[in-house]
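Below you'll find the structure, written out as structure tokens, and then a few comments.
The values are calculated or read from the model by the stated rules, or taken from the named source; none is laboratory data. These numbers come from a predicted model, not from an experiment. In this analysis, Cβ positions are derived from the backbone assuming ideal geometry, glycine residues included, and neighbour counts consider all displayed protein chains. Protein only, heavy atoms only, side chains kept; ligands, DNA and RNA dropped before computing areas. Shrake-Rupley method; radii C 1.70, N 1.55, O 1.52, S 1.80 Å.
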Amino acid sequence: MLGVGVLWSIAGVMLTPTMKFYSQMVILFVYLPSLWLCITRRQELGHLLRAHKEMWVLLALFGWAILSLLWSKGGGKPLGSLKEAVLFMLFILGWVLWGRADERRLRLGMLSLVLVIGFYSVAALILKPVYLGGRLNGFGGFLDNPNAAAYSIAFVTVMCVPLLPRRGWGQVPWAILLAASLVYVALCGSRGALLALMVTAIFSLSLVPGRIAKLLPFLLLLGGAILIVAEPGLLARGDAQRFGLLRNAWPQIQEHLWTGVGLGADYLVSSERSTYRNGAHNFLIHTAIQYGIPALLAFLLLWVMIGLHAWRCRTRALGLSVMLLWVYSSVAMQFDVFSLWERTRAMWLMPWVVILLGLCLERWPQVRPSVMEPN
């Protein structure tokens, strides 16, 4: 059941008709099996804590978030915020325990998501759900705007490129589905997602083996250049108030420098034209406002540790996948709303799936499968 839940936690972002249905499926296939797994595999949980120092930083972030309920003004719902954070931590532990049990199974499970994003993208291109300004849109649920759709589809695309089969023509259908996904992302017109993809493509050209796997990022760079020339409206949209939001978020950080506003609390950030609730549109700034500078520094430490761990494991397919996702998410988190400890949604993929997959990598595996082997 937890295997279904792990796949649903990502694929459900694209497949769910409503957010409520997604959450109900997470409860059934993730929370309950995760609780059972944590109870029955206590020894493996202890090994996880000993083998990964990242887990201690993660637990420190969780403890700080819970502690922040003491000063949070979350609308009188501290128990609701506590429940969400505890369930999310349970979700993390169950996800990682399942993934570490069999790395090959995890790789195949993640690769199967190519089918989800590929057919989703083809359907979107055919049915053409149009958003403002002629940009393509998602089909509702979590992907109810072009940015969420582009970030999510692009994220899974990056994750799956290193996991493609490396031999024979069997890799061609996978590559076609990923190419359709890249076309869809481009037509969504999310500049943050496109920039993150292009930066990742540069890293991918030097790291990912195989001609087909190199062809995708090369075509992405070429297509990105063509898109900028053929669609001047991308640049004409300006900075989308991002710099104004960053400037006006600074007083919020100064006001709550060490403690943040707390878990579950809201804050307002204004730009020249609009006011956004919890809308700094930058993960690091949002984390600093929500939980204070200590939590931001702890997250940065965790993020660097995950990146270094993925770099050491880059000779393996899953390690390389995490490395590319780390690069992609590092760029993407600078431009849109991603959060710690809030409930799962489209943007939870960045940074959480990077952290989860990073924790699934054994530091010194007894058998080191090569990325040149078929997956």
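How many residues does region 107-151 contain that are part of a loop (DSSP other than H, G, I, E, B), among the basic types (Lys, Arg) and surrounded by 16 or more Cβ atoms within 10 Å (Cβ to Cβ)? Qualifying residue count for the region: 1.
Quick grid of which residues meet (1) surrounded by fewer than 24 Cβ atoms within 10 Å (Cβ to Cβ); (2) modelled with pLDDT under 90; (3) over 22 Å from the mean Cα position of the chain (by Cα):
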| position | (1), (2), (3) |
| --- | --- |
| Glu255 | yes, yes, yes |
| Trp258 | yes, no, yes |
| Ala265 | yes, yes, yes |
| Val269 | no, yes, yes |
| Phe283 | no, yes, no |
| Tyr291 | no, no, no |
| Met323 | no, no, no |
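Within region 24-37, is there a residue that is open to solvent by 70 Å² or more (accessible area, probe 1.4 Å), more than 22 Å from Gly5 (Cβ to Cβ) and out of contact with any Gly (no Cβ under 9 Å at 6 or more places or on another chain)? No: zero hits. Is at least one residue of region 38-58 assigned to a helix (DSSP H, G or I), farther than 30 Å from Arg312 by Cα and open to solvent by 20 Å² or more (accessible area, probe 1.4 Å)? So far as region 38-58 goes, yes, one or more of its residues are assigned to a helix (DSSP H, G or I), farther than 30 Å from Arg312 by Cα and open to solvent by 20 Å² or more (accessible area, probe 1.4 Å). Annotation: of all residues in region 293-321 being of a type in the set (Phe, Trp, Tyr) and over 21 Å from Ala193 (Cβ atoms), the one that is nearest to the chain's Cα centre (by Cα) is Phe299.
Contact map, region 306-327: residues that are touching a residue at least 24 places away in the same chain (Cβ under 8 Å) paired with residues that are of a type in the set (S, T, N, Q) and surrounded by fewer than 22 Cβ atoms within 10 Å (Cβ to Cβ), Cβ distance under 7 Å, separation 6+ or inter-chain. Pairs shown: Thr315/Ser370; Ala317/Asn375.
Confirm whether Val86 is open to solvent by 40 Å² or more (accessible area, probe 1.4 Å), in a helix (DSSP H, G or I) and in contact with a helix residue (DSSP H, G or I) (Cβ under 9 Å, 6 or more places away or on another chain). Spelling it out, Val86 is indeed open to solvent by 40 Å² or more (accessible area, probe 1.4 Å), in a helix (DSSP H, G or I) and in contact with a helix residue (DSSP H, G or I) (Cβ under 9 Å, 6 or more places away or on another chain).
Are any residues in region 65-104 within 22 Å of the chain's Cα centre (by Cα), of a type in the set (Phe, Trp, Tyr) and within 25 Å of Leu301 (Cβ to Cβ), and if so, which ones? The answer is Phe88, Phe91, Trp95.
Restricting attention to region 183-209, the residues that are open to solvent by less than 40 Å² (accessible area, probe 1.4 Å), in contact with a strand residue (DSSP E or B) (Cβ under 8 Å, 6 or more places away or on another chain) and assigned to a helix (DSSP H, G or I) total 2.
Taken together, Ala154, Ala180 contain a single residue that is among the aliphatic types (A, V, I, L, M), closer than 19 Å to Tyr328 by Cβ, open to solvent by 10 Å² or more (accessible area, probe 1.4 Å) and modelled with pLDDT of 85 or more, which is Ala180.
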